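Trainee: Here it is, the structure, as C-alpha cells.
Computed from the coordinates by the stated procedures, all read-outs in this text should not be read as laboratory data. Just so it is clear, the model here is predicted, and its values are computed rather than measured. Note that we place each Cβ from the backbone using ideal geometry, even for glycine, and neighbour counts take in every protein chain shown.
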Amino acid sequence: MVDAPFLGYISAAGEQGQRLSEYIRTIAGGDTTIRTVWVGTDTTQLRERMAHRGAERDQPKLADWETYRTSVLDSGLARTGPRVVDYLVTN
C-alpha cells in the first residue's frame, strides 16, 4: 500500500484518458496488480485534518491556505480523481 496524493499522476492519467492504476503500471513496469482509491472530502474538513495532523509538510499549505486551496484543491483534481481511480470513498 502506498499513501500519497500523486496529483501529477492523476492529472496525467485524466489527460490521457487512462485509469490511474494503468498509468502507474505503465511507468513502473511489471505486472503487479494496482488498485487506486480516491478519498474525497470537502476543503474545510481537509484543512481541519491537516491542522490536527500537525505534519511539517502541511505547514506551508496551512500558512497560505487560499493559495493552496485554489491552486491545488480547486484545480479540477476533485473531478478528475474520481473519474480515473478504481474505487471512490467519500466522507
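Trainee: Look through the range 28-63, keep the residues that are surrounded by 11 or more Cβ atoms within 10 Å (Cβ to Cβ) and acidic (D, E), and return whichever of them is farthest from F6 (Cα to Cα).
Mentor: E48
Trainee: While we're here: Could you check the range 15-51 and list, in sequence order, the residues that are farther than 16 Å from L73 by Cα, in contact with a Ser or Thr (Cβ under 6 Å, 6 or more places away or on another chain) and not in a loop (DSSP other than H, G, I, E, B)?
Mentor: Passing the criteria: L20, S21.
Trainee: Continuing with the same structure: Considering only residues that are surrounded by 14 or more Cβ atoms within 10 Å (Cβ to Cβ) and charged (D, E, K, R), look in the range 64-91 and name the one that is nearest to S11 (Cα to Cα).
Mentor: The extreme case among them is R83.
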